[in-house]
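Peer 1: Pasting a structure here, questions to come.
The values are calculated or read from the model by the stated rules, or taken from the named source; none is laboratory data. What you are looking at is a predicted structure, and each value in this text was computed from that prediction instead of being measured. Because the Cβ atoms are built from the backbone with ideal geometry, glycine has one as well, and the counts that use them run over all protein chains shown.
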């Protein structure tokens, strides 16, 4: 205890024997209490929690996420409630009507008859105005458009996700090997990437599509072969991204420590290097999904995708090649076009939001 305080209370100092540890100065107690309150009020945020917080602060990111969630619920949950029609089976209404005109004329004194047959879409098979049975009407073959829109979304989104997953996997493998080993291995892989990046993707897909037709592969699997070939020539961009990140990460202190501890090459690449490249890969995958959906829609529109009975969004838009449908039946080709726009914008908005949220220099 402070001797000055004892003297102020008129108490003899020698009569009081107290251990020093039994008393603490008032200012010290106040500081400790203040530290306790600070620890109680301040919570440390993990890096991933900060990323999520920054992501949801962006309005465009939230809008894109809502668009994608709504689209997925529409495509996968919607058919559970709208099961009245099968997208691949048309009704009994004929899709085409034929008009026959007979014209009689004389040729060399003999009467001749010329018969002209005109082919036209049957208005009864194309329901322009939605009805109770067909919410969005029917197409030229009398198939319900709403259920085809749901089934087509499943095909388009599934193909796009599979293509992006394979592209990312190949890019991580080849980019990780090139960035870690360097030297001749890096030169060989990067030269292969240069060659692949010089190839015109869409014209080559048209040529491959013609080859697939000559092989006799069923039409419903043709789009899968085309998108599979597209993945084989599209991983070079991801490989370059991974290589550049690993070149800057492999000289870090934790990699030197992993080398000193005798870790295997595969463990150092996939356990320590790839996780640090993961944020950039997530952004790249998100932005690539929109491009893959456009690729699939373009191929299907050109008649190289799924056949009409297996609906895909691009196949449904292909109906707009008929001038009558293009001018008078927006309900046939408009909804799949809107779904493609929503999907591409949604993935781009989410990709931009993730890029800003994962930026370590971003505002916290």
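Peer 1: What residue, of 278, 299, is over 21 Å from residue 152 (Cα atoms) and either part of a helix (DSSP H, G or I) or in the same structural domain as residue 231 (by TED's automatic domain parsing) (or both)?
Peer 2: From the options 278, 299, the qualifying one is 278.
Peer 1: Also, quick follow-up: Among residues belonging to segment 272-297 that are over 30 Å from residue 205 (Cα atoms) and in contact (Cβ under 8 Å) with a residue 12 or more places away in the chain, point out the one that is surrounded by the fewest Cβ atoms within 10 Å (Cβ to Cβ).
Peer 2: 276
Peer 1: In addition: Restricting to segment 231-261, name every residue that is outside any helix (DSSP H, G or I), without any contact (Cβ under 8 Å) to a residue 24 or more places away in the chain and farther than 16 Å from residue 176 by Cα.
Peer 2: 261
Peer 1: Restricting to segment 37-86, name every residue that is closer than 17 Å to residue 356 by Cα, modelled with pLDDT of 80 or more and out of contact with any helix residue (DSSP H, G or I) (no Cβ under 9 Å at 6 or more places or on another chain).
Peer 2: Passing the criteria: 49, 59.
Peer 1: Between 149, 169, 196, which is at pLDDT 85 or above and loosely packed, with under 14 Cβ neighbours inside 10 Å?
Peer 2: 169
Peer 1: Could you say whether any residue in segment 304-313 is in contact (Cβ under 8 Å) with a residue 24 or more places away in the chain, within 22 Å of the chain's Cα centre (by Cα) and assigned to a helix (DSSP H, G or I)?
Peer 2: Yes, that holds for at least one residue.
Peer 1: When segment 303-319 is examined, which residues are found to be more than 17 Å from residue 158 (Cα to Cα) and either modelled with pLDDT of 80 or more or not assigned by TED's automatic domain parsing to the domain that holds residue 206 (or both)?
Peer 2: Listed by number, the residues that qualify are 317, 318, 319.
Peer 1: Confirm whether residue 283 is assigned to a helix (DSSP H, G or I) and either under 24 Å from residue 134 (Cβ atoms) or not assigned by TED's automatic domain parsing to the domain that holds residue 228 (or both).
Peer 2: no
Peer 1: Among the numbered conditions (1) assigned to a helix (DSSP H, G or I); (2) touching a residue at least 24 places away in the same chain (Cβ under 8 Å); (3) in contact with a helix residue (DSSP H, G or I) (Cβ under 7 Å, 6 or more places away or on another chain), tell me where residue 225 comes up short.
Peer 2: Residue 225 satisfies every listed condition except (2).
Peer 1: Scan segment 195-214 for residues that are in contact (Cβ under 8 Å) with a residue 12 or more places away in the chain and under 26 Å from the mean Cα position of the chain (by Cα) and report the count.
Peer 2: So the count comes out to 10.
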